[in-house]
Amino acid sequence: MRVNEQYLGIVSIILSTFMIISCLNEPEYVTIKKTEFPKPFDLNIVQNDAFSLTVAWLISKELHTPITSFKIETFALDSQVTISNTEFSNFMRDIPNARQTIINNDELSFNLNSSQDTLEYSYIDTGSFNANNYYRVTVLSDGIISYSHYTDQGIMFEIGAPKGFKVSQISDYQLSLAWDNELFSDGYELFRYDSLDHLDTSFIIADTFLLDSSFNPRIFSNEIDINYFAEGMVPNEVYKYSVWAFSNMGAQRRYSHVGSTLEGITLKLLQPRIKVTRPQNSHTTRLYIESSSIDTYFDSIFVFKYNSALENWEVLDTGIVLNMKAMIDKDLERCHVIDIPNSSESIFTILAKGKINALFSNDTIGDVFPFHNYERIEGGYFGTTSQWIDSFYLSSIEYVAQVALIDKSISNEILTETQIFPSDSISWVEAVMLCDQFSQTTGYEIRLPSELEWEYAALKDVFSDNNSWLFDYPWGSNMISGEYANYMNSGDLWDNSLTPVGHYNGKDGTYDNSSSFGVYDLAGNVLEWCGSGSRATDMNSIELSDSSIIGDPIRDLRGGGYWHEVGLLKSNLPEEFKYSGNLAALGLGFRVLIQESD
């Protein structure tokens, strides 16, 4: 027993001595309390560019001396979540992209903040691109861990998808693609897909240089505006565009996480449409083009005619869209018209062309009027009334007995080869019966014009409603002289008698006295009989057995004659001249109207 007691005493002495010695060698840091370590605060993460982030935090200036280093921990998540400190540690353990690094205090840059009592440390990190980055900063002193501070929400490290993506068409070949300038991007890549969602082409765009000749980029304000020349782009096809921002660092390129997309984009061009054709006279065909089909992006019209002998199309004429005449047709639709020299039934099409692109219209057949010396009087409203006048053909000259005005073999040139005078001393009955004879011979509805039709042909300007009915005389003026018409003492070579038809044509010292439709001598020369507007009605008022008028014999005439004062030559004098329809006197003649076939 004594031996054991002695043994225990010795052991106690040894242990006491060891503890004393151990206490004498204890490191000094054990004497520093954790409360004496500074706490990092105001942890702030800022994206510098597409390749780096700045992690910044504040440390008390007074307490920063014990700090030897910092531990920086980080991980990234695809989605944004709010986490606790414990969850942060769990993510650091479980997420493959988690990483940490120890940075010595003297390796970090810092500066006094504005309050001058704290130090701001900053650390540049590469981060995880196109992800939400979370950070935790921990204070270390000789490897001993102290306080830490973390972000409970991550910062998205990315190049944003370009915002404000929009497209507009600026010409027949050019789209303007525009979007807001995206932060951290050096340029943009634009992808174009066809209607089957196949990649059609792609372009690299930057705000400082031009890689593709199809683009002309320019910067203004905070937007980048790209004018895309539609090289290889088919008009009226549907495309999809997607623009992605990118940034370069050396050979490395990073793109935005998503792009901005616009679908259903079309370089839209309207196809011109010839609505109908009409024979204008014996040598002209008029093409009626729907105004709504004439695209503002087109500036030229090429007219093609099919050459059956050569079996190909040939260009006949060209015109500028803005100079084409516009009018309202019978169906009250706006049309543009082109008058094309023609001699027979032909097939026409038009080509509407812009700077680059062009589209053909439909094919249509056009004809000419079979009889010479007639002009088509385009239908329209009479005066300011709502009364519509249907189109008709009116002889461009007064009736001449020696020239069969319904003979297809009589050309325009015959009337210019010699001086041919209008026939007069013709009664209304004779005029009506001649028209009826012409109708039966030709199969056309031929008659006298009504007063409304006569005045319409004299004063209507079908291409300028503002100027219609404003003037006294058919040549669009209130002025008259012997150079315009044949009236009493006008002073022409045949003063106070008939002048040749079409004499006042702008030649031989005359002025052209034709109306806007090309009809001559509607003022002066012979006084012209007018009818009811119906051949049947006119014929039914004649007793054929003795060629007399049934009922009231008084009939209307228009235009004045060579024996009248100038004031009586005005075209807007309805019911000024009335004579018995049986009267056949000097200076009384007529003009032939051929009704337009349906």
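Every read-out reported here was derived from the displayed coordinates using simple, explicitly stated rules and does not represent laboratory data. All values derive from a computational prediction rather than experimental measurement. Glycine gets a Cβ as well: all are built from the backbone with ideal geometry, and neighbour counts include every protein chain shown.
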Task: Above-threshold pairs, the threshold being 18 Å between Cα atoms, out of K275/K305; K240/K268; K166/K240; K268/K353; K460/K578; K163/K240 - done: K460/K578
Task: Shape box of the stretch 34-157 [Cα atoms, principal axes, largest first, Å] - done: 39, 29, 23
Open item on the list: Could you tell me the center-to-center distance, by alpha carbons, between the stretch 239-260 and the stretch 137-186 in angstrom?
Closed with: 12
- [ ] Only residues of the stretch 122-142 count here: report those whose backbone N is under 16 Å from the spot 7 Å along Cα→Cβ of N97, or say none.
- [x] 125-136
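Expressed in nm to one decimal, what extension gain is obtained for the pair I144 and T537 from 0.36 nm per residue of sequence separation less their Cα-Cα distance?
Working: separation 393, 0.36 × 393 = 141.48 nm, distance 12.20 nm.
The span from I144 to T537 would gain 129.3 nm if fully extended.
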- [ ] Pop a pseudo-label 7 angstrom from the Cα along the beta-carbon direction at both A584 and F191 and give the gap in nm to one decimal.
- [x] 9.1
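Work out how much length M249 to Q80 would gain on full extension: take 0.36 nm times their residue separation and subtract the Cα-Cα distance, in nm to one decimal. Intermediate results must be reported in sequence, preceding the final value.
Working: separation 169, 0.36 × 169 = 60.84 nm, distance 2.71 nm.
Gain on stretching M249 to Q80: 58.1 nm.
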Open item on the list: For the stretch 33-98, compute Rg over Rh where Rg is the Cα radius of gyration and Rh is the Kirkwood radius from the inverse mean 1/r over Cα pairs.
Closed with: 1.02
Task: Total formal charge among the other residues, if their Cβ is under 14 angstrom from that of D552, Lys/Arg +1 and Asp/Glu -1 - done: -2
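Where does the charge balance sit around S195 when Lys and Arg score +1, Asp and Glu -1, over other residues with C-beta under 12 Å from its C-beta?
Cβ neighbours under 12 Å give a net charge of -3.
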TODO: Pull up all non-local amide H partners of F110: gap of 5 or more, or a different chain, and H-to-H distance under 5 Å with H placed in the peptide plane.
DONE: none
TODO: Quick one: what are the phi-derived ³J(HN,Hα) couplings along the stretch 189-202, Karplus 6.51/-1.76/1.60 with θ = phi - 60°, whole Hz, x for glycine and proline?
DONE: 10, 10, 10, 10, 10, 7, 5, 8, 6, 8, 5, 8, 5, 9
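Based on the Cβ-Cβ distance from T68 to E120, what FRET efficiency comes out when R0 is 22 Å, to the nearest 0.05?
The calculated FRET efficiency here is 0.75.
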- [ ] Quick one: which residues, 5 or more positions from T284 or on another chain, have an amide H under 5 Å from its amide H? H modelled 1.01 Å from N in the peptide plane, none for Pro or chain starts.
- [x] N342, F369
- [ ] Mind checking the full-extension length gain between N48 and S391? Use 0.36 nm per residue of separation minus the Cα-Cα distance, one decimal, nm.
- [x] 115.8 nm
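M156 to D299: FRET efficiency via 1/(1 + (r/R0)^6), r the Cβ-Cβ distance, R0 45 Å, to the nearest 0.05?
Details: r = 49 Å, r/R0 = 1.09.
After rounding to 0.05, the efficiency reads 0.35.
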Task: Cα-based equivalent ellipsoid of the stretch 370-598: semi-axis lengths in Å, sorted from largest, via gyration tensor - done: 24, 20, 19
Open item on the list: Between the stretch 538-598 and the stretch 362-383, what is the separation of their alpha carbon centroids in Å?
Closed with: 25
Task: Amide H partners (placed H, <5 Å) of F165, local residues excluded - done: D180
TODO: Would you tally the net charge around I347, using a Cβ to Cβ cut-off of less than 12 Å, leaving I347 out, and scoring K and R as +1, D and E as -1?
DONE: -4
Open item on the list: What value in Å³ per residue do you get for the convex hull of the alpha-carbon atoms in the stretch 274-366?
Closed with: 92
Open item on the list: Residue by residue through the stretch 97-108, what is 3J(HN,Hα) from phi via Karplus (6.51 cos²θ - 1.76 cosθ + 1.60, θ = phi - 60°)? Round to whole Hz and write x for glycine and proline.
Closed with: 7, 5, 8, 9, 8, 9, 10, 5, 4, 7, 8, 9
Task: Under Karplus coefficients 6.51, -1.76 and 1.60, residue-wise ³J(HN,Hα) of the stretch 129-138 in Hz, glycine/proline x - done: 6, 6, 8, 8, 9, 10, 10, 9, 10, 10
